[in-house]
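First the structure, in the form of structure tokens, and then the observations on it.
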Amino acid sequence: MCTRRQVSRPRRGWKLLVIVALALSSTAHADRIKDLTSIAGVRDNHLTGFGIVTGLDGSGDDARSPVVKSALMKALKRLGFSIDPANLQSRNVAAVMITAELPPFAKPGMTLDITVSSLGNAKSLAGGTLLAAPLKGADGQTWAIAQGSLSIGGFLVTGGTGSTTKKNHVTSGTVPGAAQVERAAPTELPEKQIALVLDDPDFTTATRMAEAIVAALGDGTARVGDSATVIVPITKAQRDQVPALIAKLEAIEVDPDVEAKVIIDEKTGTIVIGEAVTLRAAAISFGALTIEISEQQLVSQPESSFIGGTGETKVVPQTDIKVDEQNGPLRVVGKAATVGDVAAALAALGAKPRELVSILRALKAAGALRADLETL
């Protein structure tokens, strides 16, 4: 028997290398301030609630669950019904957690989308209906009431022998527009200044943003607070027109500075190269190591067995191992100033994904790759 093992080459099943060039040229691309920032104090608020889903086809929580029994008894009591908990044997009910986002300036009567997730051991929430449940904020106050039929987007089929077939995740679902806001969100417009908070803090981007605002609105209309904040003062004449001022700010375009970064996903063999990545000239040599293992069975026949001795014939395994290390040629990679040049230079090496990952790390260690390496 002979087996060959290839070392440093990608295993079968590895996906092809994908190099995504986020920008194939150095042309600047401007983004709106609206897409780069948020306004301090104007944000969503998390809402959470507990509820009961009914109408399940025997796929709900265990009937002995004290959580389900207690919650169902309270729900029935509010409706004027009283029943012995021992008589609740159905698996058509499930306890769930409900989450939603309360947007800024939300007003009573507005509707919110909710996400419903199983809290117990229910097998599926398909076909269920969520009973009216309060949604509370971090302050413990009720801000919305949720109720509606669940949309699962999958299914679970169980056969008579216990075998199952499932598509997607069936123990959580969404209900579009199921929650109705009961109280206005406590959000107020800024009075003295507007603080634009950058999604990705960066001094260069913040400085460019302040300069763009000054160019559009005039001197003294913006200053950099820190790497994450740009401050826009509100004058007395603008205090009655703050929404209009915010709209003007959001429409201003800025060229954000991006970090030089290479993302590596070794599980799939995917490499993503950012726009700001550059490459200095370097010489690279890479090869493959081949290990050949040969196994065969040899018969050992002692001489004493032919002359009346006590020797025994035995089968002795023999293993031969050969190692062949093939050194690849020394290749020179030229200086690359744009991400398109970097992608072309790396593709010209002809390296496989696993080899390319090692090459990128070696280039980084040698100082030739001007980027941060991030492995997923």
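Of the residues in the stretch 84-133, how many are aromatic (F, W, Y) and modelled with pLDDT under 90?
Looking only at that region, the number is 0.
Exactly one of these conditions fails for L156: (1) out of contact with any Asp or Glu (no Cβ under 9 Å at 6 or more places or on another chain); (2) over 30 Å from T235 (Cα atoms); (3) in a strand (DSSP E or B); (4) modelled with pLDDT of 85 or more. Give me its number.
(4) is the only condition that L156 fails.
For the stretch 53-111, name all the residues that are under 18 Å from A146 (Cβ atoms), assigned to a helix (DSSP H, G or I) and more than 37 Å from the chain's Cα centre (by Cα).
K74, A75, R78
Within the stretch 214-246, how many residues turn out to be in contact (Cβ under 8 Å) with a residue 40 or more places away in the chain and surrounded by 15 or more Cβ atoms within 10 Å (Cβ to Cβ)?
Residues flagged as in contact (Cβ under 8 Å) with a residue 40 or more places away in the chain and surrounded by 15 or more Cβ atoms within 10 Å (Cβ to Cβ) within the stretch 214-246 amount to 5.
Is it the case, given these coordinates, that E355 is at pLDDT 60 or above and either closer than 29 Å to L198 by Cα or over 35 Å from the mean Cα position of the chain (by Cα) (or both)?
It is false that E355 is at pLDDT 60 or above and either closer than 29 Å to L198 by Cα or over 35 Å from the mean Cα position of the chain (by Cα) (or both).
Is it fair to say A138 is assigned to a loop (DSSP other than H, G, I, E, B) and of a type outside the set (S, T, Y)?
yes
Does A276 meet the test of being under 30 Å from A371 (Cα atoms), in contact with a Lys or Arg (Cβ under 7 Å, 6 or more places away or on another chain) and in the same structural domain as K364 (by TED's automatic domain parsing)?
When the stated conditions are applied, A276 does not pass them.
All but one of (1) of a type in the set (A, V, I, L, M, F, W, C); (2) assigned by TED's automatic domain parsing to the domain that holds A138; (3) loosely packed, with under 14 Cβ neighbours inside 10 Å hold for V170; which doesn't?
Status for V170: all satisfied but (3).
What are the pairs with Cβ atoms under 7 angstrom where one residue, in the stretch 127-153, is free of Cβ contacts under 8 Å to residues at least 60 places away in the same chain and the other, located anywhere, is among the charged types (D, E, K, R) and assigned to a strand (DSSP E or B)? Sequence gap at least six, or different chains.
T142/K136
The values are calculated or read from the model by the stated rules, or taken from the named source; none is laboratory data. Predicted, not measured: the structure shown is a model, and the values here were computed from it. Glycine also receives a Cβ, built like all others from the backbone with ideal geometry; neighbour counts cover every protein chain displayed.
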